[in-house]
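Here is the structure we will look at.
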Amino acid sequence: MLVRAFAIILFSFTTSAFAQQPSPSTNSQQPGYTLHTDVRIVLTDVTVTDKKGNLVHGLPVSAFHVTLDKDPRPLLSFEEHNTAPTAIAATPTASDNTYSNEFLLHLPPVLNIVVLDTSNLGITQQMYLAYEFNNFLKQLPADQPLAIYGRTGEHLVLVQNFTADHALLQAAANKIMPHLPVAHDPPSDSALLFDLAQQLTQIPGRKNVLWFSGGSGIVSAIDPSVSEDPKTLRMVYDQLEAARIAVYPIDARGLPVSTNPTINQQHFSMNDTAQSTGGQAFYGQNFLKNIAQKVLMQDTSFYTLTFSPKDFTPDNKWHKVHITVEPSGYNLSYRQGYFADGNNLAPPIEIKPGRQRSLLLPGAKTIDTPADIRSAPIIFTVSILPTPEPATVSPYDSDFTMLHPPARPQSGHIAYFVRYMIPPGVFLPQMVDGQPHITFDIAAIALNQAGEQAGENAQRVRLTFAHDNPTVPICIEQQVDLRKGDDYLFLAVWDTTTGRLGTLQVPVTVK
């Protein structure tokens, strides 16, 4: 929802500004993320367990056999992952109202995302889930980062971004549970998963999504070609593959007293969701904290395989992947197919930070950029201040460019300033009339606790530079009108030349 909303409003307003602002320098702080090619290479993460559910380590490449539509395919690469969780570095802030997405530079190779979906849970069931989740957090390792999304109605809301701070994670869970059920006509769960995958695509590596709910199936077909809407599911599967997401549906109702055809169908759908994405479904069990601990224990122990179809043709059909290991008797979790629709032609081959390539600019000048400039997220810092706050000096000792003079807020709203601070070397310049120019878009979207869009302000910024290699950051102020009940601001910066995107969601308290 947020990504689509950003795309819709991005071009609503256009603003030109001319200032002494930076052009990209050879000292870019953005890391390389992925390398794309024009061949169809399939990447799949495989978790191997024995009959007792214990992880199996140390299998050689010769133990794995892959067939694609029953055609044996050789492995192009093989890697075993078996490392301890990596803590994320704390992101320093200038004050309580200053935020940054710099944490994207310090994430571990495997990420865990928790979705607390209370839209189909009663109050008693929510209280049980809250109790189990609180116990899970108490036993969570101190350096284990999580992100928490909540769903109380129609939309998913990022309540807490990746952090290892248990107090912040607990506060996020308390915002979601318990919550009185809200009558609504919800979008399909697959649409919500598509939006979630879009938001996570800018982050490299494998992601495990632990989706606690009242037994809803997010994707209801292992083979999407036999579903009622294969075209929609094709988009969902493409996005899940691009983001390397494995979904773990967890029935938060625990062990049921009795069963019925509706519950059985929900569990079938949960199994489909897990098998189609490489995860595992859990239902009919109490002690939800043990389930979550099991998933996190497995998150750093898996095998990554890549292979390619013999003769790739974008036929828009679903192609089945089957993987076995020797000796037999092991349980395998992996993504069981892909659509050959021309998307995801490249595998997400990750490149270590620091690797760069040179781009040729007008006048035979060059600039070093990330190896895949489109995939590297834009890192930026923002301050959120009500307009009565006195002006402050930025950390870079640089003046802010106000896109518009402060305006009287809408009736019932309070005007806030969003102060963007973007480091040098982020945007790719274009030469216009012999001078370097950059063009980028910024957007601020206000959300309420239910994740509904309550307001927005999107603007296009054009900057002209006085010289070729300035070294000061870009500092821009944007006004957004908020009202009581607005709990979050979704912020985005987009380079219109390269397609690079940076996003950040921050909490706000409208006074």
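The values are calculated or read from the model by the stated rules, or taken from the named source; none is laboratory data. In this text, all values refer to a predicted model and were calculated from it rather than measured experimentally. When we count neighbours, we look across all protein chains shown, and the Cβ atoms used for this are built from the backbone with ideal geometry, even at glycine. Ligands, DNA and RNA are excluded from the accessible area calculation, which covers all protein heavy atoms including side chains. Shrake-Rupley method; radii C 1.70, N 1.55, O 1.52, S 1.80 Å.
Just a few scattered comments:
- Matching residues in the stretch 238-253 - criterion: being in a loop (DSSP other than H, G, I, E, B) and either hydrophobic (A, V, I, L, M, F, W, C) or surrounded by fewer than 17 Cβ atoms within 10 Å (Cβ to Cβ) (or both): A252
- Filter result (among the hydroxyl-bearing types (S, T, Y) and in contact (Cβ under 8 Å) with a residue 12 or more places away in the chain) within the stretch 293-335: T300, S301, Y303, T304, T306, S308, T313, T324, Y330, S333, Y334
- Any hit, the stretch 137-158, residues being in a helix (DSSP H, G or I) and either open to solvent by 10 Å² or more (accessible area, probe 1.4 Å) or touching a helix residue (DSSP H, G or I) at 6+ places or on another chain (Cβ under 6 Å) (or both): yes
- Within the stretch 302-344, the set of residues being under 16 Å from R206 (Cβ atoms) and of a type in the set (K, R) comprises just one member, R335.
- Some residue of the stretch 495-510 being open to solvent by less than 20 Å² (accessible area, probe 1.4 Å), under 28 Å from K175 (Cα atoms), in a strand (DSSP E or B) and at pLDDT below 85: no
- Per this entry, I263 is not counted among residues that are surrounded by 16 or more Cβ atoms within 10 Å (Cβ to Cβ) and either assigned to a strand (DSSP E or B) or of a type in the set (S, T, Y) (or both).
- Every listed requirement among (1) under 24 Å from the mean Cα position of the chain (by Cα); (2) open to solvent by 10 Å² or more (accessible area, probe 1.4 Å) is met by M270 save one, (2).
- Strands (runs of 3 or more DSSP E) lying entirely in the stretch 296-338 (those with 3 or more residues that are open to solvent by 10 Å² or more (accessible area, probe 1.4 Å) and more than 16 Å from N54 (Cα to Cα)): 318-325
- Of all residues in the stretch 167-190 being assigned to a helix (DSSP H, G or I), modelled with pLDDT of 80 or more and open to solvent by less than 60 Å² (accessible area, probe 1.4 Å), the one that is farthest from Y334 (Cα to Cα): A171
- Residue satisfying all of: in the stretch 407-426; of a type in the set (A, V, I, L, M) and assigned to a strand (DSSP E or B); surrounded by the most Cβ atoms within 10 Å (Cβ to Cβ) among these: I422
- Per the conditions (1) at pLDDT 50 or above; (2) open to solvent by 70 Å² or more (accessible area, probe 1.4 Å); (3) not aliphatic (A, V, I, L, M), the sole criterion not satisfied by R4 is (1).
- Matching option when the condition is over 22 Å from E132 (Cα atoms) and not β-branched (V, I, T), among D272, D251: D272
- Taking each residue of the stretch 232-258 that is closer than 15 Å to D189 by Cα and looking for partners that are of a type outside the set (S, T, N, Q) and open to solvent by 40 Å² or more (accessible area, probe 1.4 Å) with beta-carbon atoms closer than 7 Å, six or more apart or interchain, yields D251/Y283.
- Test: residue in the stretch 445-452 that is in contact with a Gly (Cβ under 7 Å, 6 or more places away or on another chain), within 24 Å of N161 (Cβ to Cβ), surrounded by fewer than 20 Cβ atoms within 10 Å (Cβ to Cβ) and hydrophobic (A, V, I, L, M, F, W, C): yes
- Among residues of the stretch 458-473, those that are of a type outside the set (A, V, I, L, M) and modelled with pLDDT of 70 or more, counted: 6
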